[in-house]
Amino acid sequence: MTQLHPEIRTPDAPTADGTAAGDGALALDLAAVEERLGAFFDARISAASAYDPSYRRLWESARDAAEGGKRIRPRFVLLAYRGLGGSERDVACTAAMAYELLHTAFLLHDDVIDGDTVRRGRPNTAGEFAADAVARGASSHRARRWGESGAILAGDLLLHAAATVLARADTDEWTRERLLDILDHSVFVTAAGELADVALSERLGDDVPALEDVLAMTEHKTAAYSVSGPLMTGALLAGGGEDVLASLAEYGRLVGIAFQLGDDLLGVFGAEDVTGKSIVSDLRQGKETSLIAYARGTARWEEVAPSLGRGDLAPHEAGRLASVLEECGARRFVERLLADHVDRAVALLDSPSIPPALAEPLADVARSCIGRIV
């Protein structure tokens with residue numbers, strides 16, 4: 001079975017040794033974002049030292065949660081800003097930092113919702129705090145509550161910080177209000193998608209989830225805050241008009257869905273040691289992914305249904321389910337669906353309102369969604 005890999009590639013992405021793949025402005029901008037993130041967490045950790053030691057540790061854990069990511073959302077802010085002729089690094093990097101804080105907040109909350117204690121191959125905030133509680137003699141129930149409480153609070157703090165950072169951006173009042181509107185919409189829609197994800201997985205409705213329901217959930221949960229919001233933010237700061245923002249919003253919707261479809265594939269067929277994403281978690285939780293939605297309509301569904309959502313599903317059983325999902329055509333269908341969304345996103349960039357300096361790198365980004373799964 002072919003293993004999948006997690007990368008989505010953007011220009012000037014850092015190489016394994018930490019250097020930039022190119023020497024363009026984007027690499028320098030990303031370095032500035034990293035500096036801002038480091039300074040932000042250093043200041044918060046220092047301020048937290050005046051309180052209970054566990055509060056300082058909470059901020060240290062939040063900082064750790066923000067490390068090791070691909071910085072996809074800051075990249076989109078900066079790609080749009082530079083691609084549309086923006087030249088003021090400070091304000092663009094501030095906005096880019098806000099979306100990374102937002103992303104980290106969502107990761108912290110998402111892990112609590114999913115009951116996961118590992119992220120990127122290491123204990124997340126919930127797992128770290130729970131392990132500490134066990135080491136101090138707490139029962140498993142109390143330790144879990146302590147861990148989840150810490151993760152929820154850390155996510156809350158970073159959600160607030162994202163909005164605060166953006167509200168303090170060095171720009172005019174009208175632009176600042178628009179920036180906050182975009183951020184607000186991103187959070188609002190993402191929460192709707194997250195709730196729909198849980199509802200679908202928990203089978204809270206009477207109807208059998210259709211593929212359209214799963215794709216709508218995917219669009220809301222991922223596209224708004226991961227792609228559309230960051231791109232629109234960068235474009236707004238660069239002076240992009242409403243036609244540009246509308247095109248980037250639709251591009252973001254298509255690429256966001258494509259990216260999540262790739263995540264669905266990685267969650268079953270991925271290489272866990274490479275992605276840091278469990279290949280058992282989605283199946284144990286009974287997540288209504290695109291793979292499951294397709295498989296439900298095939299003759300092989302009876303082989304999937306009894307094991308889906310079993311909390312004690314063993315890795316070898318997950319491997320058997322993965323084989324069934326491949327043999328019934330689910331994997332091939334989702335790969336084709338992903339490719340269709342990428343093609344539509346690339347076609348959208350062929351517009352006079354999107355200059356080549358932005359269209360070309362965004363086309364590469366869209367195509368990299370396919371590169372994750374080959």
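List of remarks:
- Separation in nanometres of the label points that stand 7 Å from Cα toward Cβ, at V198 and S46: 3.7 nm
- Under the span-like rule (Cα at least 24 Å along the axis, Kyte-Doolittle mean at least -0.5), DSSP H helices of the chain: 25-48, 89-114, 140-167, 173-201, 242-269, 330-348
- This model, with +1 at the C-beta of Lys and Arg and -1 at the C-beta of Asp and Glu, gives region 279-374 a dipole about its Cα centre of some 160 debye.
- Phi-derived couplings, Karplus 6.51 cos²θ - 1.76 cosθ + 1.60 at θ = phi - 60°, listed residue by residue for region 288-297: 7, 8, 4, 4, 5, 4, 6, 4, 4, x Hz, with x used for Gly and Pro.
- Rg followed by Dmax, in Å, when region 193-286 is reduced to its Cα trace: 15.8, 47
- Cα-centre dipole for region 25-371 with unit charges at Cβ (Lys and Arg positive, Asp and Glu negative), debye to 20: 800 debye
- Highest-fluctuation residue, H316, H103, H160 considered, GNM on the chain with Cα pairs under 10 Å: H316
- Between the amide H of G270 and those of L4, distances stay under 5 Å, these residues lying 5 or more places away or on another chain, with hydrogens modeled in the peptide plane.
- In the distance distribution for region 109-236, Cα-Cα pairs more than 18 Å apart total 65 percent.
- Take the Cβ atoms of S351 and D181, set R0 to 22 Å, and the FRET efficiency comes out at 0.40.
- Each 5 Å bin, from zero up to the one with the longest distance, holds this percent of the alpha carbon pairs of region 16-125: 2, 11, 19, 20, 18, 14, 9, 5, 1, 0.
- Residue among A191, A258, A363 with the largest mean-square fluctuation in a Gaussian network model of the chain, springs linking Cα atoms under 10 Å: A191
- The chain, relative contact order [Cα under 8 Å, separation at least 6], %: 21 percent
- Region 192-233 versus region 248-301: alpha-carbon centroid distance in Å: 12 Å
- The chain shape via C-alpha gyration tensor axes, a/c threshold 1.5: oblate
- Cα-Cα pairs of region 275-374 separated by more than 21 Å (percent): 47 percent
- A helix-only calculation puts the chain at -22500 deg cm²/dmol for mean residue ellipticity at 222 nm, using -39500 (n - 2.57) for each DSSP H run of at least four residues, averaged over all residues.
- Cα-based convex hull, region 271-313, per residue volume (Å³, whole number): 77 Å³
Coordinate-derived values only; no laboratory data. Model, not experiment: these values are computed from the prediction. Don't worry about glycine lacking a Cβ; one is built from the backbone with ideal geometry, like all the others, and counts go over all protein chains shown.
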